[in-house]
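The values are calculated or read from the model by the stated rules, or taken from the named source; none is laboratory data. On a predicted model such as this, the values are computed, not experimentally measured, just so you know. Counting neighbours? That spans all protein chains shown, and the Cβs are built from the backbone with ideal geometry, glycine included.
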């Protein structure tokens, strides 16, 4: 199987594997991350483009939010798939990146200096901020039936607005590449503008207590 055929096979594997994910983690998220990763690599010239593209396609195939206790089975499926299409030689590197790419990954291991990991992390994090990131956050919040915002319990809640402070507003400072750092600035600023407008509208909607 040549590289073009391997990419097509990987696309089909990913589409089938992610069928139950919410629309913020669907095929179009994968496609955006792939395009971002390839663009970053064009600017940085840091990684093998083919390995990068395969990894971008597979990066969310074992998302713990959806895989749950089936995580290791998910990695086994990826490894078997890569063997079947003749990508055994890059399997270890790809799986290592997929294991470590998540923002919430605890105790990462393996080659944490791999440029493929840096670029996939950056592309994935860029897609989590800005206008797209806001849309994805509220989509996932609805998918999990989380509150939009609750000022009475905000410090303890898992609302979508609290997610901005727990993760989204932190991502700009965690970019690896110069290209991603540059791209993150505008997206981060857009989220700050959104939050300012959100609070303005929220406060206007709260009845004033008469003295």
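The table that follows gives values for the structure above.
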quantity	calculated
Residues of segment 100-131 that turn out to be at pLDDT 90 or above and touching a helix residue (DSSP H, G or I) at 6+ places or on another chain (Cβ under 7 Å), as a count	17
Residue identified as modelled with pLDDT of 95 or more and surrounded by 14 or more Cβ atoms within 10 Å (Cβ to Cβ) among 14, 54	54
Test result for residue 146, surrounded by 17 or more Cβ atoms within 10 Å (Cβ to Cβ), under 15 Å from the mean Cα position of the chain (by Cα) and either part of a helix (DSSP H, G or I) or in contact (Cβ under 8 Å) with a residue 12 or more places away in the chain (or both)	no
